[in-house]
Amino acid sequence: MPVAKSSSGININYEITGGGPPLLLISGTGHDLTFWGRQLDMLGRHFQCITFDNRGVGRSSAPEPGYSLADMAGDAAAVLDHAIPARAGVARAHVMGFSMGGHIAQELALARPGMIISLGIHHSWAAPDPRLTSFQATRKALAERGMRDALADVSLLALFEQGYYQAHLDDMAARRVAMIGQMGDLKGWIGQLEACIHGDTAARLGAITAPTLVTASDRDMIVATHRAEEIQGAIAGARLVVMAGTGHVALIERPDEFAGICLDFLAGVEN
């Protein structure tokens, strides 16, 4: 698998699937590049999908906690620089991020606007409110105590819509085992959650000029829909789509519907 090196010396593992204009997909907290797995068949028919392990998870480097979402956006930029040919001296791609990945995508668009053909901010936020901060701090405390089982349980209960969770108990049990098995020494979880707690792009979003899609779900227990409305209101011309009856990880619960929303938006963007 190819590896990009960020300016801070972090090795970032990535993969490329499909063909067409480049589309960088940024994963959420604690998830490796397989987070986007159910999207690749559909998105890969039209785009060269670039997925990667954020620092701290998968096969990427796991530095000590203390980094920021802006640092992680630098990792994403390094992947693009390594993965695709530069045009007029700049590697350019469509960029989509989910949850924490959506916040990283915001930082990337602010720091490297020339890289961004279009931006997808999915089920994310611009600044943590007290409830989200408490949720992330609780998970960070569990990780610091080495409580892998509890960390997986809390995460899965919040990630999935109640009805979907109840109807897919075998899948939830398998995901729990897989999540615990991928946690490693938990340093990555701690660092990523800490970065989420301190990340804040709210006052800077008006500087984003790329065509932007914002998504949310009406049954998301982690990020309320008004957080997506705040992002849409701050970015000129941004489009907002709220999915009905889905939880935080709508791209897993309804992969075809989510991919369709993304493809419909991307079809209207000039590459």
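Just so it is clear, none of the values below were taken in a lab; they were calculated from the coordinates. Computed from a prediction, not measured in an experiment: that's the story for all the values here. All Cβ positions, even for glycine, are placed from backbone atoms using ideal geometry, and neighbour counts span all protein chains on display.
If you put +1 on each Lys and Arg Cβ and -1 on each Asp and Glu Cβ, how big is the dipole of region 44-142 around its Cα centre, in Debye rounded to 20?
Working: 9 positive and 7 negative charges, 50 e Å.
I would put it at about 240 debye.
Using DSSP, restrict attention to beta bridges with both residues in region 11-125 and report what percent are antiparallel, rounded to the nearest 5.
Details: 5 of 19 bridges.
In region 11-125, DSSP labels about 25 percent of beta bridges as antiparallel.
If the viscosity is 1.002 mPa s and the temperature 20 °C, what translational diffusion coefficient in µm²/s does Stokes-Einstein give for the chain when Rh comes from Kirkwood over Cα pairs?
Diffusion coefficient, whole number: 117 µm²/s.
Spin-label point model (7 Å from Cα, Cβ direction): what's the L110 to R239 distance in nm?
Taking the simple label geometry, L110 and R239 are separated by 2.5 nm.
Residues of region 56-95 with the amide nitrogen closer than 16 Å to a label point 7 Å from the Cα of D185, along Cα-to-Cβ, please.
The answer is 56-67.
So, with +1 on the Cβ of K and R and -1 on the Cβ of D and E, and no other charges, what is the size of the charge dipole of region 155-269 about its Cα centre, to the nearest 20 debye?
Details: 8 positive and 14 negative charges, 44 e Å.
So the magnitude is around 220 debye.
Can you show me the helix-derived [θ] at 222 nm for the chain, built from DSSP H runs with n ≥ 4 at -39,500 (n - 2.57) apiece and divided by the number of residues, rounded to the nearest 500.
Result for the chain, helices only: -13000 deg cm²/dmol.
Extending each Cα 7 Å along its Cβ direction at A202 and D171, get the distance between those two points in nm, one decimal.
3.4 nm
Using Cα pairs closer than 8 Å and at least 6 residues apart in sequence, work out the relative contact order for region 1-61, in percent.
Details: 123 pairs, mean separation 25.4, N = 61.
Here the relative contact order equals 42 percent.
Say each of E15 and A150 gets a label point 7 Å from the Cα, pointing the same way as Cα to Cβ; how far apart are those two points in nm?
3.3 nm
Using only Cα atoms, locate the centre of region 143-166 and the centre of region 1-40, then give the distance between them in Å, rounded to an integer.
24 Å
Pull up the DSSP beta bridges for the chain and report the antiparallel fraction as a percent, rounded to 5.
Given both bridge residues lie in the chain, the antiparallel proportion sits at roughly 25 percent.
So what is the relative contact order for the chain, in percent, with contacts set as C-alpha pairs under 8 Å and at least six apart?
20 percent
Cut-off 10 angstrom, C-alpha nodes, Gaussian network model of the chain. Which of G74, G163, G97 fluctuates the most?
G163
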